[in-house]
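So the structure is just underneath, and the comments pick up after that.
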Amino acid sequence: MNIAILLAAGQSRRFKQNKIFSLLNQKPLLDYSLSVFLQFSEIQQIIIVINSKDIERPFLKKLPNNVSIIPGGETRMLSAEIALEYANLNDDDIVFIHDAARPLITLGLLTQLSNAVHEVGAAVCGMPVKNTIIECIEHKPFLRTLAREKLIEIYSPFAAKWKLIKKARNRAKREGYLNYPGFEDTCLFITDDMEVKIICDGYHNIKITTPEDLVFVSQLLKNYES
């Protein structure tokens, strides 16, 4: 059984309110990515990991039977771990993990990820960085400028066979870096020297972090519809 895990248990500290339920063109932000996964025929179960204080939200009371709502952990990696333990997975099942704060995913993107998983075992979205990146330590003056042509920004959705996710996470637990700050499942694969295919899907897969992002994505959606 292939599953999708939607991570929606964040604190939204920079947003000043729970952004996952903020309205984007009259729809909760969560509804955008959820709707796409519900349309994707290769997914049999969807698990939404939510902040425990949001469990009773009315929006969550009217979801299809193949959608489960569970409380998350203190970090993104712990929330994913809780969902993976909740699911009843076989080794060759495919797991999609997505940050629900990224509303602009498409069926075409999920299909590309699925095809890549069948080819190499794991896949993630990514694009070459556009801005200049400098390396700093504890906000001190920059140490060096990193070469942009060698840098790729990676982001969800991520997809992989369960047996590979299990292998990478078990090694991370043994070696003590499972909850290293900024880590996510893709990082575990790279650390474990597993092959991960990068799907370059364009720069539109924006993460909602601030209220200004919501305004920007709202306008993008209006442009797409016009």
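No value in this document is a laboratory result; all are computed from the given coordinates. Everything numeric here is computed off the predicted structure, so don't read it as measured data. Note that each Cβ is placed from the backbone with ideal geometry, even for glycine, and that neighbours are counted across all protein chains shown.
Couple of notes before you dig in:
- Scanning the range 28-63 for residues that are exposed (fewer than 14 other Cβ atoms within 10 Å of the Cβ) and either farther than 19 Å from residue 87 by Cα or without any contact (Cβ under 8 Å) to a residue 12 or more places away in the chain (or both) yields a count of 8.
- Members of the range 119-162 found to be in a helix (DSSP H, G or I), farther than 26 Å from residue 208 by Cβ and touching a residue at least 12 places away in the same chain (Cβ under 8 Å), listed by number: 119, 120, 149, 162
- Residue match in the range 163-177 (condition: basic (Lys, Arg), out of contact with any Pro (no Cβ under 8 Å at 6 or more places or on another chain) and closer than 28 Å to residue 203 by Cα): no
- Sole exception among (1) under 30 Å from residue 24 (Cα atoms); (2) touching a Gly at 6+ places or on another chain (Cβ under 8 Å) for residue 194, by number: (1)
- Selected residue (criterion: nearest to the chain's Cα centre (by Cα)) from residues of the range 163-221 that are among the polar types (S, T, N, Q), assigned to a helix (DSSP H, G or I) and over 21 Å from residue 5 (Cβ atoms): 218
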